[in-house]
Every structure is written in C-alpha cells, then in structure tokens.
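See structure below.
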Amino acid sequence: MEELSVIQLQLRKCTRCQLSGYPVQGPPIFSGAPGARVMIVGQAPGRVEVGETFRPFSGSAGARLFRWLQTAGWSETQVRAQFYITSVTKCFPGPNKSGRGDRAPSRAEQQLCASWLEAEVTLVDPVVLIPVGTLAAVRFFGPDRKLVDLVGQRFQIEGRIVVPLPHPSGASAWTQAPANQALVRQALAHLLAVKQELDL
Ligand code: SF4
C-alpha cells in the first residue's frame, strides 16, 4: 500500500476538476501527518484557505469550529498539531450564486475527489472521525440520513468512533436554529467524553 506522504504529494498536484471543466481554485488544502488519531473532514476549503493561509479552517467558519472544539477540550494549537484535517473536496469551489457564501461542490466534483478522501482515511486510520457538515456526513452515513438525526450522537463505524458536527458557517441556517445548537452542545459533550476516554 502507498504511503500517506506519496498520496499527499500526488494530491497536491491534482487538477482533476479543472480538467473536467469545473471552476475550482487550488491548491488542494489539507493538513496532518501519519499517526493522527483524530480526523476532521469538512466540506471544502474557502477563499482564505486557498488564497492566503493554505491551511484548513482558517476563515470565519474555522474560527467557530475551533471555538466548538475548545469546549470539547482541544485548543486550536492542539488540533492543528495533532489532528488530520481534510475535506470532501479539497479545492475552493468559488462563490455561490447569491455571493454571500461559497458554492457547495457538485456531486460530480465530490466523486472526482472521493478517492483522495478514501486514501486519507485508510492511510491515517484515525480512531475518531469528525465529519463537519452535510456533505461530509453523507460520505460516512450515506445520502438518506439527515443532519438532525446525526448531530448530537456518537457512532461506531468500522471500528472508528464517529461524532458528526454541522457546518460551522455563520450562513448555515441549520446551525443557527436554537434546537440544533442544543444538538451541537451534545455532540461536543460526546467529544469531550471521547477525549477523556482515549486520552487524546
Ligand atoms: S477538488 Fe479534489 S479532485 Fe478536484 S482538483 Fe481539487 S483535489 Fe483534485
């Protein structure tokens, strides 16, 4: 089996979406090393990540995600140093039609990027997976499960603990709903418990 570093080298040069005519902007964004015990899988990077910082979750959505994870006991510094952070598609999809947020990657783009994510999960082999947002949840639970049925729960899938979170974007109506914020608090309580159980 190929090493993670080899896959990462290939991934950094990936232009599958551009070659298929999709208006994505690289470079592909991800971070982390072999041996990470926790993996975060987001939706896709944004303009800040591909244009300025070149690291995942560096914009306002990332700031909210790190505030959440702080309540589960992890500082941003710890998360960036110890976790593997990636996404369903790894290039910036561009703005959405309203211009108030980012375009969600199409199914075709998700499919083009799927083998990269599969390789990352296989080679990193984390004990804890945190899918962030609907598209990431679909990768692990299939298209029929709704976020409301997943966030706030802890699952065991193929030997891994999986604790889904919603998309942390301020534009996410789901995340802003008070009832759903209670689910987010439950999810973070699960993560705190997992951190303590596994000494993460
Ligand atoms: S989104 Fe994924 S498949 Fe598409 S060009 Fe970027 S790395 Fe390649």
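List, in order, the whole-Hz ³J(HN,Hα) value for each residue of region 33-46 obtained from phi through the Karplus relation with A = 6.51, B = -1.76, C = 1.60 and θ = phi - 60°; use x for Gly and Pro.
10, x, x, 4, 8, 10, 10, 9, 10, x, 7, 5, x, x
Which helices, counted as full DSSP H runs in the chain, have an axial Cα extent of no less than 18 Å and a Kyte-Doolittle average of -0.5 or above?
TM-like helix candidates: 107-124, 178-198.
Please state the relative contact order of the chain as a whole percent: Cα pairs under 8 Å, 6+ residues apart?
24 percent
How many percent of the accessible area of the chain is carbon or sulfur, using a 1.4 Å probe? Display every interim value, and only then the final one.
Numbers: 5120 of 9820 Å².
Using a 1.4 Å probe with all protein chains present, the chain comes out at 52 percent carbon and sulfur.
With every protein chain in place, what's the accessible area of ARG80 (1.4 Å probe, Å², nearest 10)?
50 Å²
With a 1.4 Å probe and every protein chain left in place, tell me how much accessible area ARG145 has, in Å² to the nearest 10.
Accessible area, nearest 10 Å²: 100 Å².
Which ³J(HN,Hα) values in Hz, rounded to whole numbers, follow from the phi angles of region 142-153 under the Karplus curve 6.51 cos²θ - 1.76 cosθ + 1.60, where θ = phi - 60° and Gly and Pro get x?
Per residue, the Karplus-derived 3J(HN,Hα) values read x, x, 8, 8, 8, 4, 5, 8, 10, 5, x, 10 Hz.
Of GLU120, GLU158, which has the most accessible area and how do the rest follow, probe 1.4 Å?
Largest accessible area first, the residues go GLU158, GLU120.
Over the chain, what is the percentage of antiparallel beta bridges among all DSSP beta bridges, to the nearest 5? Intermediate values should be presented prior to the final figure.
On the way: 6 of 17 bridges.
Roughly 35 percent of the DSSP beta bridges within the chain come out antiparallel.
Please give the per residue accessible area of the chain, computed with a probe of 1.4 Å over protein heavy atoms only, in Å².
With the other protein chains kept in place, the chain gives 49 Å² per residue.
Taking the full set of protein chains and a 1.4 angstrom probe, give the accessible area of SER106 in square angstrom, rounded to the nearest 10.
Near enough 40 Å² of accessible area.
The values are calculated or read from the model by the stated rules, or taken from the named source; none is laboratory data. In this text, all values refer to a predicted model and were calculated from it rather than measured experimentally. For the accessible areas, the whole protein counts, side chains as well, though only heavy atoms, and no ligand, DNA or RNA atoms are used. Shrake-Rupley method; radii C 1.70, N 1.55, O 1.52, S 1.80 Å.
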